[in-house]
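Contents: one structure, followed by commentary.
The values are calculated or read from the model by the stated rules, or taken from the named source; none is laboratory data. Model, not experiment: these values are computed from the prediction. Neighbour counts run over all protein chains shown; Cβ positions are idealised from the backbone, glycine included. Ligands, DNA and RNA are excluded from the accessible area calculation, which covers all protein heavy atoms including side chains. Shrake-Rupley method; radii C 1.70, N 1.55, O 1.52, S 1.80 Å.
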Amino acid sequence: LNKNRYNNVLIYLPTFRDGINNFLDDAGLDFTLLNQALNSTNNFLIVKLHPNIKTDCPNLSNLIFLDSKVDAYPLLPFTDCLISDYSSVYIDYLLLNKPLVFYCYDKDRYINSTRGLYYNYDDVTPGFKCYSFNDLISFLKSDLSLDHYSSERNKIKDLFWNKTYNT
């Protein structure tokens, strides 16, 4: 991947959901439409799914799937934005001070019947929220250089990392 070839490189790291046989269908992801949106804005998306999610999704011109055994953490500094949902990876990504997007299409169901959360979701997720696939497409077609959540990210970074910084 030649990062300089694209306006932005994004990475999507979704949380595994217990009892969901086909996460991708449940998420409403249409990878052809997603690729078209990425292509129209010259952005690139790396998708890394949980090892228990079995799929035969094809790599496309502006979208690739990492092997589920690959550790995505070494790639994070080379991305411009993280798309996630409820995964704690975003807490680590806060240290990079880069935009976050939360694709939380199933927020109520996840919180109430899947695993629950330690904090109020909206209080600790400093980024654009996508509640549907159409929201995600709209976000990807927007100007990703506009960062409206920088101060909120810093507050949440301090919440989760302040003790680490002071030791």
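In segment 71-91, which residue that is touching a strand residue (DSSP E or B) at 6+ places or on another chain (Cβ under 9 Å) and open to solvent by 50 Å² or more (accessible area, probe 1.4 Å) is nearest to residue 50 (Cα to Cα)? Give the derivation first.
So in segment 71-91, the residues touching a strand residue (DSSP E or B) at 6+ places or on another chain (Cβ under 9 Å) come out as 72, 75-76, 78-86, 89-90.
Imposing the further condition that a residue be open to solvent by 50 Å² or more (accessible area, probe 1.4 Å) reduces the set to 75, 78.
Details: 75: 16, 78: 21 Å.
In this case the residue turns out to be 75.
Return the residue satisfying two criteria in turn: it lies in segment 138-160 and is assigned to a loop (DSSP other than H, G, I, E, B) and farther than 14 Å from residue 102 by Cβ, and of such residues it is least open to solvent (accessible area, probe 1.4 Å). Explain how you work it out, then say what you get.
Taking segment 138-160 and keeping what is assigned to a loop (DSSP other than H, G, I, E, B), we get 142-149.
Okay, now just the ones that are also farther than 14 Å from residue 102 by Cβ, so 142-147.
Numbers: 142: 50, 143: 87, 144: 28, 145: 91, 146: 102, 147: 65 Å².
In this case the residue turns out to be 144.
Quick check on my filter: what residues within segment 116-134 are open to solvent by 70 Å² or more (accessible area, probe 1.4 Å) and closer than 17 Å to residue 93 by Cβ?
The first filter runs over segment 116-134 and keeps only residues open to solvent by 70 Å² or more (accessible area, probe 1.4 Å), leaving 118-120, 122-123, 128, 131, 134.
Result: 119, 128.
Looking at 96, 75 in this structure, which one is of a type outside the set (S, T, N, Q) and in contact with a helix residue (DSSP H, G or I) (Cβ under 7 Å, 6 or more places away or on another chain)? Don't jump to the end; show me each part of the working.
On the way: 75 fails: in contact with a helix residue (DSSP H, G or I) (Cβ under 7 Å, 6 or more places away or on another chain).
The match here is 96.
Given the conditions (1) surrounded by 14 or more Cβ atoms within 10 Å (Cβ to Cβ); (2) more than 17 Å from residue 101 (Cα to Cα); (3) not aliphatic (A, V, I, L, M), and given that residue 15 satisfies all but one, which numbered condition is not satisfied?
Here residue 15 clears every test but (2).
Within segment 36-63, can you find the residues that are within 21 Å of residue 141 (Cα to Cα), open to solvent by less than 50 Å² (accessible area, probe 1.4 Å) and among the aliphatic types (A, V, I, L, M)?
37, 38, 45, 46, 47, 63
To keep it simple, each residue is scored yes or no on (1) at pLDDT 95 or above; (2) of a type in the set (Val, Ile, Thr); (3) not in a loop (DSSP other than H, G, I, E, B).
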| position | (1), (2), (3) |
| --- | --- |
| 68 | no, no, no |
| 71 | no, no, no |
| 76 | yes, no, yes |
| 83 | yes, yes, yes |
| 87 | no, no, no |
| 105 | no, no, no |
| 109 | no, no, yes |
| 116 | no, no, no |
